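The values are calculated or read from the model by the stated rules, or taken from the named source; none is laboratory data. Since this is a predicted model, take the numbers as computed values, not measurements. Here the Cβ positions follow ideal geometry from the backbone for every residue, glycine too, while neighbour counts run over all protein chains shown.
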Amino acid sequence: MNFNRRAKIALLGAGLLSGAWSLCAFAAPPPASPAPADAAAAPAGAPPAEFKTLDQEVQGLKKDVIELNKDLFVLEEELLFPANTQVAVFLSMDVGTFFALDSVTLKIDNKEVKNYLYTAREAEALLKGGVQQLYLGNLKVGKHELVAFFNGKGPVDRDYRRGATLSFDKGVGAKYLELKITDRVPKHQPEFLVKDWE
């Protein structure tokens with residue numbers, strides 16, 4: 001073993017030893033000192049002030065992590081779905097008598113991009129005025145066709161399957177489309193529309 005290697009091992013050992021000593025010193029309880037008058041007044045089960053500050057630091061770090069997570073989510077969405085190619089499809093319902101929604105299948109340019117099966121709770125939320133973001137994706141500039149198939153229970157509790165189609169132009173910038181289910185009262189039938197938010 002040459003001298004340089006021995007010197008490196010000795011330095012490494014000394015560093016580890018000093019690190020171990022500093023850990024022992026950190027872990028060792030502080031020397032006992034006479035308790036001040038305020039400490040005597042504190043309740044017996046109360047945690048020391050050091051633990052309170054450590055707990056506050058941990059809570060602060062948790063808040064920072066949550067904020068960072070939100071920022072990362074927004075950044076990820078901006079990277080995956082840039083505004084110039086973004087297309088978003090929303091679903092809303094204004095029905096009650098003539099249609100109960102079970103599922104929606106969404107196709108763009110003859111390619112299935114979403115098939116969503118609704119729980120009773122989700123369908124109820126839509127009936128109360130909720131709007132669902134059904135799909136978020138990317139499309140190049142140009143002409144496109146959206147086809148949506150709605151499955152559910154229609155009048156007289158029969159199985160019901162209907163479709164709606166929209167041809168649209170995707171320009172530079174985000175494109176927003178809405179699938180809207182409404183009651184057509186005079187005909188006692190549901191109506192399915194695709195609306196382009198200009």
>> Condition (residue is at negative phi, surrounded by 13 or more Cβ atoms within 10 Å (Cβ to Cβ) and within 24 Å of the chain's Cα centre (by Cα)) applied to the stretch 138-145: is it met by at least one residue?
In response: yes
> Does the stretch 47-74 hold any residues that are over 30 Å from L136 (Cβ atoms), of a type in the set (A, V, I, L, M, F, W, C) and within 28 Å of the chain's Cα centre (by Cα), and which are they?
Replying inline: V58, L61
> Out of the stretch 144-172, which residues are modelled with pLDDT of 90 or more and hydrophobic (A, V, I, L, M, F, W, C)?
Replying inline: L146, V147, A148, F149, F150, A164, L166, F168
>> Restricting to the stretch 124-162, name every residue that is polar (S, T, N, Q) and over 23 Å from H188 (Cα atoms).
In response: Q132, Q133, N138
>> Condition first: in contact with a Pro (Cβ under 7 Å, 6 or more places away or on another chain) and among the hydrophobic types (A, V, I, L, M, F, W, C). Now tell me which residues in the stretch 178-198 satisfy that.
In response: I181
> Looking at this structure, is E124 of a type in the set (D, E), over 17 Å from the mean Cα position of the chain (by Cα), farther than 30 Å from L139 by Cα and at pLDDT below 75?
Replying inline: no
>> Quick check on the stretch 173-198: of everything there that is under 26 Å from N84 (Cβ atoms) and at pLDDT below 85, which residue is surrounded by the fewest Cβ atoms within 10 Å (Cβ to Cβ)?
In response: E198
> In the stretch 117-162, what residues are in contact (Cβ under 8 Å) with a residue 12 or more places away in the chain and of a type in the set (V, I, T)?
Replying inline: V131, V141, V147
> Would you call L126 buried (at least 16 other Cβ atoms within 10 Å of the Cβ) and not in a strand (DSSP E or B)?
Replying inline: yes
> Does E112 meet the test of being outside any strand (DSSP E or B), under 25 Å from the mean Cα position of the chain (by Cα) and modelled with pLDDT of 90 or more?
Replying inline: no
> If you check F168, F149, which single one turns out to be within 20 Å of D183 (Cα to Cα), surrounded by 11 or more Cβ atoms within 10 Å (Cβ to Cβ) and of a type outside the set (D, E, K, R)?
Replying inline: F149
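How about the stretch 135-145: which of its residues are touching a Ser or Thr at 6+ places or on another chain (Cβ under 7 Å) and part of a strand (DSSP E or B)?
Correct list: N138, K143, E145.
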